[in-house]
1. Over the Cα atoms of the chain, what Rg and Dmax result, in angstrom?
2. What trypsin sites (Lys or Arg not before Pro) does the chain have in DSSP loop regions with at most 13 other beta carbons within 10 Å?
3. For 56, 81, give the ranking by accessible area with the largest first, probe 1.4 Å.
Amino acid sequence: GMGETSVVAVRAAVYHYNPGTNTWASADRGLSRLDLYHSQQTRRYRVVGVSAKTGDTVINSPLTRAVVYQQVTPLFHQWSDTLFSYGVNFATLEEAQGFAQAD
């Protein structure tokens, strides 16, 4: 987007939470590329995830101060926006730490 730069890019399996069944469902059928974008104008962060297998955008989520970002395990992190609860299972510990610490 306009004036947005990717602060970090990592690989992770993306899940959307289904409250009806109380389960996590795979959103990308494998791995996605997750970019954490930062806008100079708004000073805001946004996560965009694109499935490596399908090319679909599986995350497009603002990370605001109101968002509770939880590191459930060293590799599995989750947060919610107004649309979804997202779970991401990072490919490596380095990528998990790099993503969580980027902002």
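The values are calculated or read from the model by the stated rules, or taken from the named source; none is laboratory data. These numbers come from a predicted model, not from an experiment. Methodologically, a virtual Cβ is constructed for each residue, glycine included, from the backbone with ideal geometry; neighbour enumeration extends over all protein chains shown. All accessible areas refer to the heavy atoms of the entire protein, side chains included, with ligands and DNA or RNA removed. Shrake-Rupley method; radii C 1.70, N 1.55, O 1.52, S 1.80 Å.
1. Considering the chain through its Cα atoms, Rg and Dmax are 12.9, 40 Å.
2. 43, 53, 65
3. Details: 56 85, 81 35 Å².
These residues rank, largest area first, as 56, 81.
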